[in-house]
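Written below as structure tokens is the structure these notes are about.
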Amino acid sequence: MDTPIPDGPERRRLPRKIAIRTLLALSTGGLVLVATVAVLWIALGTSTRNTVELLNDRIVLILDGIESEVRDRLDAGAGLVDGIASEMRTDHFRAATPSEVTDMLTVVLATAPDVEVLLYWDRELRRRGVFRDAQGIYKQLPAETELDPRLRNRLASVPAGTPHVWGDPVVENGTTFLNVVARVDSDASDVAFVGAAVSLQQFSRLVASIGRSYDATAFILYGETHLLAHPDLAAAAGGSGTHAIIPVTESKDPVILNLDKAQPVAFTETARKKGVEVERLDVGDERYLILYRWVLGYGERPLAIGAYYRQEQLGESLQRLMMSGIAGLVVAVLAVIAALFIGGFVSRPVRRLAESAVAVSRLEMKTVPRPAGSPIAEIDDQARAFNMMLDGLRVFETYVPRQLVQRLIALSGGEGVTSETREVTVMFTDIASFTMISDRMGAEETAAFLNRHFGLLAECITGEGGSIDKYIGDAIMAFWGAPDRMDDHAARAVAAARRIADTITRDNERRARKGLQPVRMRIGLHTGPAVVGNIGAPGRVNYTIVGDTVNVAQRLESLGHKLDAGADVTVLMSATTARLAGVGPDGENVGEHDLAGVPYKVPVVRLHTHLQPQAVAIGKAAVPAR
């Protein structure tokens, strides 16, 4: 052992070292302090931007929710009117008497909780109809023969051939309604117009409910000057019922009353691009944020759907951010102080261990000092392990030359799996309209359904020698030709597709007998070169395939929804696969198609499976298996 670490002048030329105690103070304390300040500075800016974006998203979400519910309520009435008008254009109403029409409207109104009034005008513009009172009792409207000139003009202006037209709010017996009218425009009926009305009292209650769900006060304006719906109006309507739409200047809400004084907010550009206006308003000591969106098509004036809330409701996240910053700085300072004390405690046994390690580096085993234990568990374990190593090296030194030890330390080995390009046939499967199917099932039922479905498909695939690469949601990716080489991989893949089609068709017969909806599938097949082998990060790889062939097979499966011929399973393959598999007359050429991500047109063949969907009797009805 004659190669010691140099001493004397050579050793003195080495760079100056830093003590572990100082290093701990700088790294654990100083670096933490610097990093914390830098991170907090960046985080404050980033979090501020994120908070603004989240605020914009919340504003848009609130307006989308309010608008959606308002539209649903209004569109329910419009859809009802269109449906009644369409029915009255048929021969069923050619000889219907006024009482028969009124009875029909009563039945329809009973099925429409969002509508309070249904009415019609005959060709002489005599009005009749029914309404639901506050107790839920259906009553007939008094027949009205003298038509208001404005209403007459409005009915005359309803164009023929249009679904419906919304009018200005009208007052009937002290209650204001939003109303919609459709022209029947048919010689088969004596009814000329059909209308529906929705009470603004219900809108105010709706707005109040929406506001509570978003922890805000919601409202609806009719144009820029009138208040259509507001929680205060819901209370007023429930009492006297004399006011349902009022000028903004008569509102008891100080925020609504001062809307004309609100100023735009600069940090809401994202919301403004989505049609949402955001304004700031100071009322007394409170600051409010007002957000609204204009909606057209529900009257001669646009509706402003909006909500407002106190600004401090949005400032909670910023306050928490500032508290986190202060706490971070305090922790960083404490870390520096603690590092100074801990550094000395940790450095002493580490320094002794380092001195022993230096001696081992000289391979002077007989003179290496044994490091003492430490109260720190890890350092104590390290000292024990070092001493055991030292004992072993001392024994090892007796039998093995130093040069051999150095060689063993330097040795490393191991080699990875080599990937290669090989011709394979790839299959993709997918359940058609699976989202609609799963929406009707719970989590456990969905999992059981997929497990059974995958079990059926896996038996068909593996039965033809295929390899299942992965399960992707409700889809399967499989391939033939790797890892085992197959001369007939295309034929095997087509055979597997046939087995899947037969299996699904038979299973759908079983499902039909149980009263269950059938399962329909799409399958895509393509043959071509692909890279096969272990692919992934070191320590975590998969044996898989990649390449254009995989993409084409997946796109062919997606194309199945356009080329669906009505079978339970639609199987599309490239002409290459059909030729190699010898599909023959069972394949139907459906032309060349552009596939997403594929720079050339792909000739596509649709496979005719042997089994066809059958009608299975359930009770008195025949339910198709597909």
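The values are calculated or read from the model by the stated rules, or taken from the named source; none is laboratory data. Because the structure is predicted, anything quoted here is derived from the model rather than measured. Here Cβ is always computed from backbone atoms with ideal geometry, including for glycine, and neighbour counts include all displayed protein chains. Remember, those area values only see protein heavy atoms, side chains included, never the ligands or the DNA or RNA. Shrake-Rupley method; radii C 1.70, N 1.55, O 1.52, S 1.80 Å.
Quick look at the numbers
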read-out	value
Gain on full stretching of the segment that runs from Thr90 to Gln311 - 0.36 nm per residue minus C-alpha separation	73.9 nm
Nonlocal amide H pairs with Phe219, under 5 Å, H built at 1.01 Å	Gly306, Ala307
FRET E, pair Asp185, Arg73, Förster distance 41 Å, beta-carbon r, rounded to 0.05	0.95
Nearest-0.05 FRET efficiency for Glu592 and Arg485, computed from C-beta distance (R0 22 Å)	0.10
Long-range HN-HN contacts of Leu227 with modeled amide H, under 5 Å	Tyr222, Ile246, Val248
Per residue value of the accessible surface for region 68-197 (all protein chains in place, 1.4 Å probe), Å²	50 Å²
FRET E, pair Leu393, Thr22, Förster distance 51 Å, beta-carbon r, rounded to 0.05	0.95
Solvent-accessible area of His230 with every protein chain in place, 1.4 Å probe, in Å² to the nearest 10	0 Å²
Hull shadow area, averaged, region 447-531 [alpha-carbon convex hull, nm²]	5.9 nm²
Per-residue HN-Hα couplings for region 516-526 [Karplus 6.51, -1.76, 1.60; θ = phi - 60°; Hz; x = Gly/Pro]	9, 5, x, 9, 10, 10, 10, 10, x, 10, 8
Vicinal HN-Hα couplings computed from phi for region 132-140 (Karplus, 6.51 cos²θ - 1.76 cosθ + 1.60; Hz; Gly/Pro x)	9, 7, 5, 8, x, 8, 8, 10, 7
Exposure rank, largest accessible area first [Asp253, Asp487, Asp381, Asp586; 1.4 Å]	Asp487, Asp381, Asp586, Asp253
J(HN,Hα) series, region 213-228, from Karplus relation 6.51 cos²θ - 1.76 cosθ + 1.60, nearest Hz, glycine and proline x	5, 9, 6, 9, 9, 9, 7, 9, 9, 9, x, 8, 10, 10, 9, 8
Which of Lys252, Lys601 is most accessible, then next, and so on - probe 1.4 Å	Lys252, Lys601
All lysines inside 27 Å of Lys562 as judged from Cα atoms, apart from same-chain residues fewer than 8 positions distant	Lys470, Lys601
Amide H contacts of Gly299 (H built 1.01 Å from N, under 5 Å, at least 5 apart or other chain)	Trp166
Extension gain, Asp114 back to Ala354 (0.36 nm per residue minus Cα-Cα distance, nm)	78.2 nm
Whole-percent pair-distance distribution, where bins are 10 Å wide, for the alpha carbons of region 483-547	16, 30, 26, 20, 8, 0
Heavy-atom accessible area ranking, 1.4 Å probe, most first, across Ile220, Ile468, Ile326	Ile326, Ile468, Ile220
Among Thr162, Met88, Leu151 the positive-end extreme of the charge dipole of region 73-189 (Cβ point charges)	Leu151
Compactness relative to 2.2 N^0.38 Å, alpha carbon Rg of region 75-175	1.07
